[in-house]
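Heads up: the structure comes next, in structure tokens.
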Amino acid sequence: MGEKKPYLAVLLVQSIYGGMFMISKAAFNGGMNNYVFVFYRQAAATLFLAPFAFYFEWYNSIQFPCFSLSFFWYDHLDLY
């Protein structure tokens, strides 16, 4: 099974691309605006990926206030 994982991953990705193409083709043939479709696609991707991002990046997000404080500190030094 370990040797077949890359091939299965390629099949999965190509299936997702094919599904996205069919959905977008049907939406555009139905008269949907391009900008509205891009908005809905980005919103759906955000809703799908946000739980994974919060789960897998929870430890890194704890260190975020230190980064934000350092960012504002360097901004006041006028180094640019």
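Within the accessible area of the range 1-52, what % is carbon and sulfur when the probe is 1.4 Å and the other protein chains stay in place?
72 percent
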Scalar couplings 3J(HN,Hα) for the range 36-47 by Karplus 6.51 cos²θ - 1.76 cosθ + 1.60 (θ = phi - 60°), nearest whole Hz, x for Gly and Pro, are 5, 5, 5, 4, 5, 5, 5, 5, 5, 5, 5, 5
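The values are calculated or read from the model by the stated rules, or taken from the named source; none is laboratory data. Note that this is a predicted model, so its numbers are computed, not measured. The area values use the complete protein model at the heavy-atom level, side chains included, leaving out ligands, DNA and RNA. Shrake-Rupley method; radii C 1.70, N 1.55, O 1.52, S 1.80 Å.
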